[in-house]
1. Can you list the residues, at least 5 places off or on another chain, whose amide H is less than 5 Å from the amide H of B:Val328, using H built in the peptide plane?
2. I need the phi-derived Karplus couplings for region B:190-198: 6.51 cos²θ - 1.76 cosθ + 1.60, θ = phi - 60°, integer Hz, Gly and Pro marked x.
3. Using alpha carbons only, what's the Rg to Rh ratio of the protein assembly as shown with Rh from Kirkwood?
4. With the contact rule set at Cα under 8 Å and sequence spacing of 6 or more, what percent relative contact order holds for region B:144-282?
5. Scan around A:Thr343 for amide H atoms under 5 Å from its own, H built in the peptide plane at 1.01 Å from N, and keep only partners 5 or more places away or cross-chain.
6. Step through the residues of region B:157-172 one at a time and calculate ³J(HN,Hα) from phi using the Karplus curve (6.51 cos²θ - 1.76 cosθ + 1.60, θ = phi - 60°), rounding each to whole Hz and writing x for Gly and Pro.
7. Other chains' Cβ within 10 Å of B:403-416 residues: what's the mean?
8. Tilt of helix B:354-363 relative to the longest C-alpha principal axis of chain B, in degrees (0 to 90, nearest 10)?
Number of protein chains: 2
Amino acid sequence: MTGPTSTIAPALRERLDRSKNAAGALTKASSSVRDDGLAAIQESLRSHVSQIVEANALDLERGAAEGMESSLQDRLRLTPERVQGLVDAVGVVRSLPDPVGDVIRGMTLPNGLQVSQVRVPFGVVGAIYEARPNVTVDIAALALKSGNAVVLRGGSAALESNKLLVTLMRDALASVGLPADSIATVDDFGREGAEAMMKGRGYIDVLIPRGSAALIETVVTESTVPVIETGSGIVHIFVDASASGGDAPDIIHNAKVQRPSVCNSVETVLVHRDALGLVPAIAERLLASGVTLHADETIRAIVPDALSATEQDWATEYLSLDLSLKTVDSLDEALDHIRRYSTHHTESILTADMANAERFLNEVDSAAVIVNASTRFTDGGEFGFGAEVGISTQKLHARGPMGLPELTSTKWIIRGQGQIRD
Amino acid sequence: MTGPTSTIAPALRERLDRSKNAAGALTKASSSVRDDGLAAIQESLRSHVSQIVEANALDLERGAAEGMESSLQDRLRLTPERVQGLVDAVGVVRSLPDPVGDVIRGMTLPNGLQVSQVRVPFGVVGAIYEARPNVTVDIAALALKSGNAVVLRGGSAALESNKLLVTLMRDALASVGLPADSIATVDDFGREGAEAMMKGRGYIDVLIPRGSAALIETVVTESTVPVIETGSGIVHIFVDASASGGDAPDIIHNAKVQRPSVCNSVETVLVHRDALGLVPAIAERLLASGVTLHADETIRAIVPDALSATEQDWATEYLSLDLSLKTVDSLDEALDHIRRYSTHHTESILTADMANAERFLNEVDSAAVIVNASTRFTDGGEFGFGAEVGISTQKLHARGPMGLPELTSTKWIIRGQGQIRD
C-alpha cells in the first residue's frame, strides 16, 4: 500500500487517516446511535437555515459573476424550502432498515464449523461530485446510516455551501458522541484532494463519482481504488410489431418528457416496420410537448416536422427534449442497434408477443430491462430503496439503482471449536 | 468508450470483439449446452494427454535453460496425472449448480410493476496470471459454467502449454455448437495483450489477476476496467489470555505448516501476556516441523531458538516455514497490531471468552474472521464452493473465497402493463 499512496501530501494523508480511524470507531457504534447522529444532523440543518442560505448566496454570487449557466445556478441554489427538503431526506434515510449485520448466507460445514456471511460497512466511502450541495447531505446521510465514514469532494462552485453543511453535520455527530471525522471534505485541498481520493488505496474503500460523463470518465480511468461507475444513459424503447397502440404514445411521452434531464429518460425509439402506423400518434404527443424529433427517412415521410437523424444521433445522450426515432425490420435488428449504442442503463420493449418479450429480457445486456412500461422506473425511489445513492452502470458489485445494501461489503464469520484442516 | 480503448491495435481489438460476440451468443446457450461444452473439454483433454505433456516439456526445457527455479518448474509441470487432475476439476465445475438466472430479490410495486433482480453472466471475464497452466483450464471452465466468455493472459513461461490447452478447449466448444471464441488467449500479443485487457473498457467486464503480489499490484493500479483484487495474506492468530492450551498448539501448527505457501497460512501469532505459558508447547510443535521462529524479546526469553523479530517481520508475508511471534498486553493491543499490519485476508482468535470473541469478530476488518479454528479454512473448497476462482481481498463485489455466483452480475427485470411514472 506504500507505493501508490506515498505521493499524498502529509496534511491530506492525515485527513484520510482520521477518516479511516472514524470508520473503525463507527463499527462499534450501534444502529440506534447512528440514527441519533442522523437526527442531530436534521436538527442542526433545521436550526441553521438562514446561515446555509447565506453561504449558498456567496457561491451563487461568484457563479453569476463568472457567467455560470442559469440551469447550473438552479442546481446550486439552496432556498429555505430546499434546505427543508434536505432535512426531510435525512429523515427518510433514518427511517430505512440498517443493512449492517444482515446475514446473507450461512452454513455449518461437515467438520462443525459455523460459517456465515454478514453485511459490514465498506469503511470509508469517497464521493466526487459536482455543484449540487444536496449531494453533500444525501451521501453523508446514506454513508452514516450504513456505518461508513465518508470523504467528500464537491464542485468548487459550491465551496461555501458545502463547507458550512459539512461543518454543521460534523458538529451534529460530535454532539451525540460519534466521531466528527465520520464526515470529512477534501474541498480545501482542491484538485489535490480529488487526486488523493482516486489514488488512496488503503484509505478509500470505494469511490462513487456522481455528475457529468466527463467527471465519471476521469474518476474511472484515473482511480486505483475500486470505483462504482454511475450514470450515463442512452436509453432505448423498442416498439415491436405487436405493440399496443393505446399504451405506446403514453409510455414514450412519459419516458421522454416527464424529466428529460435524467439518465433513465429515453433517447432513441426503435419502431418495427409493422408498427409504423403508431408513429403519427406517438409523434403528435411528443411534438405537442415541444420535443424535437430526429428521425430516419422512413419516419420523416410520416412526420415531416422531424429533423433528419445522423449516425451521431444514435450515439447521443440528449438529456433534453430531443428524441431520435429509427425504423427497424425485426427484433434482431433492434437488438443489434441496442448492442451497438446502448450505455447498458435501461431499455424497454413494447409488445404483446410473449416470445419477443422473453428474448428482449434475456438478450439485452443492461442494468434494467423492461416490458411494457416507461424507462423512468429505473430509480431507487420507485424500487422502494428510499434514497438515491446513484444508478450503477457497471456490472461489478452493484448494477442499476443502488440502495443502502449496495453501500456495504460483507465479511465471513467462522466459529469453531478447535478445528484444524486435514 | 472510445478514448481509453482507441490505442488497442486492430488485430487485438478484433480478438476482443470476437470474445464480446461470443459472450452475447453464450447468453442464449442453455445451462445444459454449456455443460455439454464442459464435457467436451474433459474428453478433449483426456484424449490429448501425451500432446499436452509434450507441449509442456518445451516450456520446461526453455525454463530450465533460462535458469527457472525448481519450485516454479514444479508449478509449470504437467504430468499425465496432473492432466487427469485438470479433467477431474472440470468435472467438478460441471457438477456445480449454474448460478445464471437465480432470482436474488423481487417485489411487486404498488403500481403493479413486477420487479426482479436475477443473476446474469458478467459477459467477458479477463484473467491475468502466471506460469501455472492449470489456471488456464480452471478459469476457462468456471467462466463457461457461469455463462461468461473468457480472455486469458498466462505467463510467457507456459506459452506452449497454454497454447495447446486453449486450442483443445476451443475445438471442444465448437464440437458441441458453442462459439470457440468463448475461450480466447492474448498470449500471442505478449505484453500488449495484457495492456489491452487492463485498458479494455467495453470489452472486459471484470479482470481477475492471480499470482504474485507484484502482478496483482500492477493489474490493480494500471487497469481502467473493474478488477477483483485477490491475494496476499499477512494472516494473524491472536492467542487470548483464556485460550485453550489443548487446542492452541494444534491450530497454530496447522495454520502454519499444513501448506505454508498459500495466502491463508498464518504469518504472525500474537500472544496475550497471560497466555505466555502456552508458548513452549506452541514453539515445540513448530520447531519440530522445521519452522523458523522470529520473536520479540519476551518470547525469545522463553524460546531461545527463536530469531529476533524486527518491524519488518510484522509486515512480511513469508509464504514459507517462518512465523513471527509477538507479545501483547491486551485484546486492544492485538486489534491495533492487526489493524496496522493485516492485509485483511483472514485473522483468528483463540479464546474461551465470549465477549472477546465477539469484539474480535466485530472489529477485525478482514475477509474472514475466525474463532477457535485454523486460518486455513478460508477456502472455496472448504466452504463447499467446489472450485477455486480466487480469494478476494477487496471489499467491492466479492470478499473472501469466490464461488461461481461471484462470477456473475445481476440485471433488473421489470414487467409492466403500460405503467407510466407520475
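What follows is calculated from the coordinates using simple rules that are stated; it is not laboratory data. Here the structure is a predicted model, which is why all the values come from computation and not from measurement. Cβ coordinates were reconstructed from backbone atoms using ideal geometry, including for glycine residues, and neighbour counts include every protein chain displayed.
1. B:Val271, B:His272, B:Arg273
2. x, 4, 4, x, 5, 4, 4, 5, 5
3. Numbers: Rg = 28.4 Å, Rh = 28.7 Å.
Dividing the radius of gyration by the Kirkwood radius yields 0.99.
4. Details: 165 pairs, mean separation 23.5, N = 139.
Relative contact order comes out at 17 percent.
5. Under 5 Å from the amide H of A:Thr343: A:Ile234.
6. Values per residue, Gly and Pro as x: 5, 10, 3, 5, 4, 5, 4, 5, 4, 5, 4, 4, 5, 4, 4, 4 Hz.
7. On the way: counts 1, 0, 1, 0, 0, 1, 9, 6, 12, 12, 6, 16, 7, 10.
Per residue, the average neighbour count from other chains is 6.
8. 50
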